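The values are calculated or read from the model by the stated rules, or taken from the named source; none is laboratory data. Keep in mind it's a predicted model, so treat the numbers as computed, not measured. Counting neighbours? That spans all protein chains shown, and the Cβs are built from the backbone with ideal geometry, glycine included.
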Amino acid sequence: MQEALLALSLVLSQLTVELQELKKEEKTTNFIEYLAICESGNTPNIIHWNDKNITGYPSYGKYGYQPHTFLNFGKKYGLFPKEFSLKESMTLIMNGSLQDEITKRAIEDNQHRHWLNCWKKYKLT
């Protein structure tokens, strides 16, 4: 009887961990979807020219990536080789699926501060 209770306890513990992971994944997905709409209306090939007046560079893609941020995240998350140049990363910056993957990894890594305005709005919803 005790063995059965112990086994049940272990199963419930594992299910709790899996449920917490699913909730975390759902929150990440929800924020990424919100972020794409907030930043660009979910348009992967948009260029935000006005950002050049603020940062010196326009922002690109549905998540409004600054060129150096896109390059650094691509390297950090192993999606670009370490020797990848800014010029090389700019050939990929409009790739929607790559934008999605980099953003997903960044959000999972608590890097939401790169989208602080949209993060604040999201927290209010």
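Here are the numbers for this structure:
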{"item": "Subset tally (residues that are surrounded by fewer than 14 Cβ atoms within 10 Å (Cβ to Cβ) and closer than 19 Å to residue 59 by Cα) for segment 114-125", "result": "2"}
{"item": "Cross-chain or 6+ apart pairs with Cβ under 7 Å, segment 84-112 first and within 16 Å of residue 39 (Cβ to Cβ), then among the small types (Gly, Ala, Ser) and surrounded by 15 or more Cβ atoms within 10 Å (Cβ to Cβ)", "result": "93/61; 94/61; 99/61; 102/74"}
{"item": "Residue, surrounded by the most Cβ atoms within 10 Å (Cβ to Cβ), within segment 54-69, restricted to residues that are part of a loop (DSSP other than H, G, I, E, B) and in contact with a strand residue (DSSP E or B) (Cβ under 9 Å, 6 or more places away or on another chain)", "result": "61"}
{"item": "Selection count where residues are crowded, with 17+ Cβ neighbours inside 10 Å, touching a Ser or Thr at 6+ places or on another chain (Cβ under 8 Å) and not hydrophobic (A, V, I, L, M, F, W, C), scope segment 70-113", "result": "1"}
{"item": "Odd one out for residue 72 among (1) modelled with pLDDT under 95; (2) assigned to a helix (DSSP H, G or I)", "result": "(1)"}
{"item": "Segment 19-53, subset among the aliphatic types (A, V, I, L, M), at pLDDT 90 or above and closer than 24 Å to residue 110 by Cβ, residue surrounded by the fewest Cβ atoms within 10 Å (Cβ to Cβ)", "result": "37"}
